[in-house]
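S.K.: Would you mind keeping the following structure in view while I ask a few things?
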Amino acid sequence: MNLHIGIMSGTSMDGIDAVLVDFSEGKVNVLQKHSEDFPINLKEKLDQLVRTFQTDLLTLGEIDHQLALCYAETVNNLINKAGVHHSQIKAIGCHGQTVFHSPLSKYPFTMQLGDGNLIAAKTKITTVTDFRRMDMALGGNGAPLAPAFHQAFLNSNEEKRGILNLGGIANLTITTDQETNVVGFDSGPANCLMDSWIYKIKNEKFDKGGDWAKSGKIIPDLLDSMLKEEYFQKPAPKSTGRELFNLNWLNNHLKLLPTYQNVDVQSTLLELTAVTVSNSLIKLNHKLDAIYTCGGGAYNDYLLERLQYHLPKVKISTTDELGVSVQLVESIAFAWLAMQRINKQAGNLPSVTGASQNTLLGAIYESK
């Protein structure tokens, strides 16, 4: 067996997903999965950090440590659940929790928390983290990274296929018959704004099925205002995050309205995601046969309905149809990226990130 573990806690910060994967014979065989919520006190610290982007060094260091302990505990629970021994697992790939991503600043940097040393020590498994910064050192955006996995395992010779991850941020991969031609980029916000708004108004973590958004009406002036955001006009490769798309960004647009209903804002935020995805495809002039969605947004029936409305000639489905659970695509991708690093194989796609070359991704923390 060729066993690796992938850990993902995405932009939505709704918890940790871990998956045990066997990559024998070049296939993806998910042996076990396990998810855990963040402890309440850690979730509160993370929410505060990504909302204000302000903290002190003590708190930052403690979050880094506490996250690693949570990742390690999730891995150990996964291993127990799977009935395997840690010595059978070659490596863990942990993306870490992104708290800031700034690929286009004067001094580009990205910050993911979750100490790889601690994860390796507590699990007794070699751990790979810090996947983004070598790509950025070579002039890339450091993201998105999942398109390399999408191309390797979810590509098709029978249809022109897109893979759309609807996490906190929406990122789209357009697979091709040649790795050097793969297109991948963040189209804009997905769940991050919708989740933040419904939590602020209704104290609910997310809009189940998009039902609340569906009960409202799109506010044309608000949608038009948000679509003027400079990021949407930029060509790929590009990546973004909560440091741009957050409640402060939304409030700046809401200030321009004389009045509005809260439910209509939710409906307009959902429409923003659907429109920015479809506009991205139109600008690229890519005629796809199908888009397979994954991430939490793949459970949002109304969002998929609006995507289908804007892309009437494209089949809109989920990666479940391809045999890969929508919840697990990202964590499987980081198990694969860990395998790539351990095997000294490149993990990035320069056509996606904008890096000057293919390169090894990730720092390795030996377990002993």
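The values are calculated or read from the model by the stated rules, or taken from the named source; none is laboratory data. Note that the structure is a prediction, hence the values are computed from the model and not measured. For neighbour counting, all protein chains shown are included, and Cβ atoms are generated from backbone atoms with ideal geometry for every residue, glycine included. Calculation scope for accessible area: heavy atoms of the full protein, side chains included, ligands and nucleic acids excluded. Shrake-Rupley method; radii C 1.70, N 1.55, O 1.52, S 1.80 Å.
S.K.: Suppose only helical runs count, i.e. DSSP H with n ≥ 4. What mean residue ellipticity at 222 nm does that imply for the chain under -39500 (n - 2.57) per run, divided by all residues and rounded to the nearest 500 deg cm²/dmol?
M.R.: Details: 14 runs with 147 residues, N = 368.
For the chain, the value works out to -12000 deg cm²/dmol.
S.K.: Something else: What does the charge count near Leu222 come to, summing +1 for each Lys or Arg and -1 for each Asp or Glu among other residues with Cβ under 15 Å from its Cβ?
M.R.: Once all neighbours under 15 Å are counted, the net charge is -2.
S.K.: In straight Cα distance, which aspartates and glutamates are under 13 Å from Lys234, not counting same-chain residues fewer than 8 positions off?
M.R.: The reachable aspartates and glutamates, counting only those whose Cα sits under 13 Å from Lys234, are Asp186.
S.K.: Once you've got the Cα coordinates, tell me which of Lys81/Lys205; Lys43/Lys160; Lys238/Lys315; Lys43/Lys313; Lys106/Lys228 are over 31 Å apart.
M.R.: Lys43/Lys160; Lys43/Lys313
S.K.: Same structure, new question: Averaged per residue, what accessible surface does the chain expose to a 1.4 Å probe, in Å²?
M.R.: 44 Å²
S.K.: Once the Cα atoms of the stretch 285-334 are picked out, what are the Rg and Dmax in Å?
M.R.: Here Rg and the maximum Cα pair distance are 11.4, 33 Å.
S.K.: Over the stretch 182-288, what percent of the accessible surface lies on carbon and sulfur atoms, probe 1.4 Å?
M.R.: Using a 1.4 Å probe with all protein chains present, the stretch 182-288 comes out at 51 percent carbon and sulfur.
S.K.: Using 0.36 nm per residue of separation minus the Cα-Cα distance, give me the extension gain between Val84 and Met1 in nm, one decimal. Spell out each step's value before the answer.
M.R.: Numbers: separation 83, 0.36 × 83 = 29.88 nm, distance 1.15 nm.
That pair, Val84 and Met1, stretches by 28.7 nm at full extension.
S.K.: What FRET efficiency would be calculated for the residue pair Glu25, Gln261, taking the C-beta separation as r and a Förster radius of 45 Å, to the nearest 0.05?
M.R.: Details: r = 55 Å, r/R0 = 1.22.
Given R0 = 45 Å and the Cβ-Cβ separation, E is 0.25.
S.K.: Mean-square fluctuation check for the chain, GNM, Cα pairs under 10 Å: which of Leu118, Leu60, Leu154 is largest?
M.R.: Sorting by GNM fluctuation, first place goes to Leu60.
S.K.: Restricting to the chain, compute how many DSSP beta bridges are antiparallel as a %, nearest 5.
M.R.: For the chain, the DSSP antiparallel bridge percentage is about 65.
S.K.: If you don't mind, there's one more thing I want to ask. Could you work out how much longer the chain between Asn343 and Asp56 gets when fully extended? Use 0.36 nm per residue separation minus the Cα distance between them, nm to one decimal.
M.R.: Taking 0.36 nm per residue and subtracting the Cα distance, the gain is 99.5 nm.
S.K.: How many Å³ per residue does the convex hull of the Cα positions in the stretch 189-275 occupy?
M.R.: Convex hull of Cα atoms, per residue: 96 Å³.
S.K.: List the aspartates and glutamates whose Cα lies under 12 Å from the Cα of Lys45, skipping any in the same chain that are fewer than 8 positions away.
M.R.: Asp56, Glu62, Asp64
S.K.: Which values, in whole Å and largest first, are the semi-axes of the equivalent ellipsoid of the stretch 1-56 obtained as the square root of 5 times each eigenvalue of the Cα gyration tensor?
M.R.: Equivalent ellipsoid semi-axes, largest first: 32, 11, 8 Å.
S.K.: Nearest 0.05, what FRET efficiency do Phe109 and Asn157 give at R0 = 30 Å with Cβ-Cβ as r?
M.R.: Numbers: r = 39 Å, r/R0 = 1.31.
With R0 = 30 Å, the Cβ-Cβ based efficiency is 0.15.
S.K.: With no solvent and one equal point scatterer per Cα, compute the Debye intensity ratio I(q)/I(0) for the stretch 114-161 at 0.14, 0.24, 0.31 Å⁻¹ and report its log10, rounded to two decimals.
M.R.: Relative scattering, expressed as log10 I(q)/I(0), comes to -0.57, -0.88, -1.01.
S.K.: Then there's this: When the chain is fully extended, how far beyond the present Cα-Cα distance does Glu44 get from Asn203, taking 0.36 nm per residue of separation?
M.R.: Here the answer is 55.9 nm.
S.K.: At a Cα cut-off below 18 Å, give the lysines reachable from Lys208, other chains included and same-chain residues fewer than 8 away excluded.
M.R.: Lys200, Lys217
S.K.: Using every Cα-Cα pair within the stretch 227-296, state what percent have a distance larger than 21 Å.
M.R.: 36 percent
S.K.: Shifting gears a bit: What FRET efficiency comes out for the pair Asp301/Ala137, r = Cβ-Cβ distance, R0 = 45 Å, nearest 0.05?
M.R.: Calculated value: 0.65.
S.K.: Turning to a different aspect of this structure: Kindly provide the trypsin sites (Lys or Arg not before Pro) of the stretch 3-102 that DSSP labels as loop, not H, G, I, E or B, and whose Cβ sees at most 11 other Cβ atoms within 10 Å.
M.R.: Taking the stretch 3-102 and a limit of 11 other Cβ atoms within 10 Å, the loop trypsin sites (Lys or Arg not before Pro) found are Lys27.
S.K.: What GluC sites (Glu not before Pro) in the stretch 259-368 are in a loop by DSSP, with at most 14 other Cβ atoms within 10 Å of the Cβ? Provide the component values of the computation, followed by the final result.
M.R.: Working: sites: Glu271, Glu305, Glu321, Glu330, Glu366; in loops: Glu366.
Taking the stretch 259-368 and a limit of 14 other Cβ atoms within 10 Å, the loop GluC sites (Glu not before Pro) found are Glu366.
S.K.: Once the chain is represented by equal point scatterers at the alpha-carbon sites, with solvent omitted, what log10 I(q)/I(0) does the Debye formula produce at q = 0.11, 0.13, 0.15 Å⁻¹?
M.R.: -0.72, -1.03, -1.39
S.K.: With all protein chains present, how much of the accessible area of the stretch 1-151 (probe radius 1.4 Å) comes from carbon and sulfur, to the nearest whole percent?
M.R.: Here carbon and sulfur together make up 51 percent of the probe-accessible area.
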